[in-house]
Structures are given as structure tokens and as C-alpha cells.
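The values are calculated or read from the model by the stated rules, or taken from the named source; none is laboratory data. These figures come from a predicted structure and were not determined experimentally. Using ideal geometry, Cβ is built from the backbone for each residue, glycine included, and neighbour counts are taken over all protein chains shown. What goes into the accessible areas is simple: the full protein's heavy atoms, side chains included, and nothing from ligands, DNA or RNA. Shrake-Rupley method; radii C 1.70, N 1.55, O 1.52, S 1.80 Å.
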Amino acid sequence: MSTINTPAGMEIKAAIQPGYERVLTPEALALVAKLSRAFEPRRQELLAKRAERAKRLDAGERPDFLAETAHIRDGDWKIAPIPKVLECRRVEITGPVERKMVINALNSGADSYMTDFEDSNTPNWDNQISGQINLMDAIRRTISLEQNGKTYKLNDKTATLVVRPRGWHLDEKHVLVDGKRVSGGIFDFAVFMVHNAKELLARGAGPYFYLPKMESHLEARLWNDIFVMAQNELGLAQGTIKATVLIETILAAFEMDEILYELREHSSGLNAGRWDYIFSCIKKFKLDKDFCLADRAKVTMTSPFMRAYALLLLKTCHKRNAPAIGGMSALIPIKNDPEKNEVAMGGVRNDKARDATDGYDGGWVAHPGLVDLAMTEFKKVLGDQPNQIGKQRPDVSVKAVDLLDFKPETPITEAGLRYNINVGIHYLGAWLAGNGCVPIHNLMEDAATAEISRSQVWQWIRTPKGALEDGRKVTADMVRAMIPQELVKVKEVAGSGATYDRAAQIFEQMSTSSDFAEFLTLPLYEEI
């Protein structure tokens, strides 16, 4: 095991495997320490503001557009021009920072690859550091892999790399500065910047990011200030960094203009992060007796509240010359069943056709086998254009009531309840074993989709509307009885690893306890 020198006041509480010294250099750790000392107090203040807001929502407050920022929404400003390589993002593929995935995604034919330190990645120490090594090698085009007699290496033409660091709520527990854990997002960002920003610029690209889980424009301002300091420290021109913000919380949907404004020198648009968005709605209105969503499979992009959100995001972005990127269809190719596969592919086709026709500039896929299909749908509408930012939507008028029009409420079925339990156990078990992106029942599940599953069960137990279509009320006892039955089914598919038993315990605790865990990954992180 190697040892490394850390800056004064920094402690690393994890094993330093051979090769990790490439990542944990004095320069990288110095920037982590500097950014942490400068911005950790603000991160904690903003997390406290989230908790205060959540209490007000629990007490019945409803979100609305901010009166104090009306001048920003009404203003005629635009974001700074985006780099040439970010003008065309018709199809973006996403996936964790695992070595084989990095190679396959860059080779997939997609315009961009969002490589993920967050929702599709279990953030254990080895995943975070080996992920940084994988990206360093990929950017320098030295990445390769020998596996099962096959050799994986990069094609001549590869997708543009965009990196998603962890959200504000996640710590990096293995790195302490002045005795306190650093922000996971600051750690991921700073290490990546030190090793790769100048290399990317020399190769005609740049340091591009996706920013997750934000709930307000003040959280975007924090990222912007971090960008400014990092660019100064590394001798980069201001505006070199570009970041796309995932609008994946109901509160951020009311502040889209303001978020773009805060990041206007560093913005590369917004993305409709649909799965986390649905989870956010359940989380924020979980105690509202009138709030209840139907089976997870029934809540789609054509549901009223999702349609309003998608159209408002599109209109807001294009008004500011910013790209609008559509979200993820979780469907994936189904091998060995042509009929089911055709249904799934039809679902992806419809999803991308709707986004393209609405005016979106691109959309996400989770599997290389979907890139051509999605690209075809966007090219049908865009032709040879790199984007359709010129497609303004003056016809779209979305009010607060539209964003809060939560339908469908029915049906809630026993099959839907069991599905949530099954997916929750299966995903949590895989996550604990180190895999944060798992194909389950022909869908690609990550932390966001698992969050919907466990939060729906929690809420159905507690709301008067949480009754199955046959009239039975969803109860904690009903859920407790189903969990061992679904655990058996999970093990038949996934194997009998001990993590699935632990996952079943965690799922039961999270769905039946009186307290609602803010994110399932927070207590889970303490176990890995």
C-alpha cells in the first residue's frame, strides 16, 4: 500500500492502493483543501436552508415563483456563448465511471457521454479513485481493457466527455479537512480539474460538467463561485468551465431562469432529470393528504405535472440561448425476446420523438444499443442542424398550478406495490455490493429510480389515498409481509449474496419507519 503527502490539516482515512498516487497528488489535494475551506460553511448553510424549507412544505406551504427574482425572469439576458463541441448534443449516453463503461460509452456514437460519479455509481473509495484514473486515461487516449479474451480500446472518434460530480448532500467521508468531511462534489470536481482541465483544452474540448440535485439558484451560485476560484487557481480564463444543470427537484423547477442566470458565464443549459424529479415531488409533498401518485409505471412524461415541467424547461432554456436536453428513458434492449424488445424500442422511439418535436436539442440514453435509435428520431426533426435553440416556444405558458397538477393518482395495484419492493431490494443489494447502475426487469435502474420505489411505498402507507384498486389499504404490515416474498424473487434473478438480505432489512426500515430518510444513499454510504 502506498502513502501520500497531504496538505496541512488534511487527513485521508482510506487505503491508498498502488496507482492512487496518480490521483491524490499534492496539487489535487491542495485544491480540494482550498475549495473546502472557502466554501464548506456555505454548503452547510444551504443544506440547513433545504431542511428548513422541507419543514415548511411538510406544514402545508406550496412553492411558487420567487417575487424577489422577477426582474431576472423578465430580463432580456442570455448565457455566454457555448463552445463548438457542446453545440451538438442530440444524443447523450450516461453511465458510471467504470473502465469498460467509459470505453464503450465514448465509442457508442453518441454526441456526448455523461460519466457519472453520482446516481449510477456506488461512491465507495475505490470506485471514486479508480474512476478518476479511468477518466485521466480516457482523455489521454491511453485507456484499454483486457476482459474475457476481448480487448477494449477507444475508436478514433469519441463522444464529448461531460462529468457529473456528486450532489451537495453527499460527503466524501474518507477525506477530512480540519477534522470535517469534505463535500463529495468538491472532491470529485477539484481532482478532475487539476488533472484534466488543461489536457482537455489542448485537445480541443474543455472541462464540462453536469450538476445534480440542486434545489435553488443559491446552490447554483455556490457552484459558480467554486468555478471562479478553481479557474483562478489553475490559471484558466473565466468561463472555461461549462456546466449543465439537472432540473431534478420540484423546487428547482420554480427557479430555472435564476439558475441559468447564476451560471450564465459557465452555463451549457439544463436537463430534464425526470426520475429524480418524480422522487422529489413525492418527498416534498409526502405529508399532503391530497397528494398521491399512481403506480410508478403510470407516471410518465405525459402526466400533467411532468408535461408542464418539460415544456417550461424547454422554453426557459431557448429564451436564454441555452441548450435544453431531455431526460432518460429507462428502457433498454431486451435480448432473446424480439416481441418485448420491439415494445421497449417503441417506447424509447416515442420518448425521443416527443422531445425532438417539442424542441429539445437532445436526450439521454442508458445503453449503447439505443444511440442509433435516439439519433434517428432527433435527426428526423433537426436534420443537419446541431440543435434547435432557435425554436422558441412563446405558445408555452406554465403557471405554478400546472407544475403542481399531480396526476395520475390511480391505479395503485398490488403488482405495482410488489414491483417497487422488488426493485428497491434488488437495487439496494447491488449498490451495497459496489454497483450503482443495474438492469432490473428490462429497465436501467439507478439511485433515482430506486428512490421513487421506496418513497412511494412510504407514502402509500401513510396517505388516506394509498389504497389498492381492489380497495385494500396499503399498510406497513402488508409491506412487511411482501418483503420476504420479493426477496426470494430477487435472489432467483440476482443470486444469494448477503447484501440482498441487508437490502431487504434497509428497505423495510426505510419504507415503514415514521421518519422519512432524505436520500436512501445517505444511510447506505455509512455501510460501505
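A few remarks follow.
- Residue check, residue 282 closer than 23 Å to residue 184 by Cα, modelled with pLDDT of 95 or more and surrounded by 21 or more Cβ atoms within 10 Å (Cβ to Cβ): no
- Exclusive hit being open to solvent by 20 Å² or more (accessible area, probe 1.4 Å) and in contact with a Phe, Trp or Tyr (Cβ under 7 Å, 6 or more places away or on another chain), set 384, 405, 372, 395: 405
- Test set (1) within 24 Å of the chain's Cα centre (by Cα); (2) over 30 Å from residue 341 (Cβ atoms); (3) surrounded by 21 or more Cβ atoms within 10 Å (Cβ to Cβ) - residue 436 fails condition number: (2)
- Meets criteria (outside any loop (DSSP other than H, G, I, E, B), open to solvent by 10 Å² or more (accessible area, probe 1.4 Å) and over 21 Å from residue 75 (Cα atoms)) for residue 228: yes
- For the range 401-437, the set of residues classified as under 19 Å from residue 466 (Cα atoms) and aromatic (Phe, Trp, Tyr) consists of 406, 419, listed by residue number.
- The listed residues are 200, 218, and the only one of them that is part of a helix (DSSP H, G or I), open to solvent by 10 Å² or more (accessible area, probe 1.4 Å), closer than 30 Å to residue 516 by Cβ and out of contact with any Asp or Glu (no Cβ under 7 Å at 6 or more places or on another chain) turns out to be 218.
- The condition of being surrounded by fewer than 19 Cβ atoms within 10 Å (Cβ to Cβ), at pLDDT 95 or above and farther than 26 Å from residue 56 by Cα holds for only one of 236, 287, that being 236.
- The range 27-49 residues that are more than 20 Å from residue 174 (Cβ to Cβ), paired with ones that are among the small types (Gly, Ala, Ser) and outside any helix (DSSP H, G or I) (beta carbon under 8 Å, 6 or more apart): 46/216; 49/216
- Residues of the range 290-317 satisfying the condition of being of a type in the set (Val, Ile, Thr), without any contact (Cβ under 8 Å) to a residue 60 or more places away in the chain and open to solvent by less than 30 Å² (accessible area, probe 1.4 Å): none
- Residue check for residue 6: under 28 Å from residue 403 (Cα atoms) and hydroxyl-bearing (Ser, Thr, Tyr): no
- The range 80-135, residues that are of a type in the set (Asp, Glu), in a loop (DSSP other than H, G, I, E, B) and within 19 Å of residue 200 (Cβ to Cβ): 87, 111
- Selection from the range 439-478 of residues that are outside any helix (DSSP H, G or I), under 30 Å from the mean Cα position of the chain (by Cα) and of a type in the set (Asp, Glu): 445, 446
- Scanning the range 140-187 for residues that are acidic (Asp, Glu) and crowded, with 19+ Cβ neighbours inside 10 Å yields 171, 172.
- Criterion violated by residue 128 - all others in (1) open to solvent by 20 Å² or more (accessible area, probe 1.4 Å); (2) polar (S, T, N, Q); (3) at pLDDT 95 or above satisfied: (1)
- In the range 471-489, residue farthest from residue 427 (Cα to Cα) [restricted to those that are among the β-branched types (Val, Ile, Thr) and touching an Asp or Glu at 6+ places or on another chain (Cβ under 9 Å)]: 479
- So residue 189, is it at pLDDT 95 or above, in contact with a Pro (Cβ under 8 Å, 6 or more places away or on another chain) and under 27 Å from residue 274 (Cβ atoms): yes
- Within the range 324-339, one or more residues are open to solvent by 70 Å² or more (accessible area, probe 1.4 Å), under 30 Å from residue 441 (Cα atoms) and of a type in the set (Lys, Arg).
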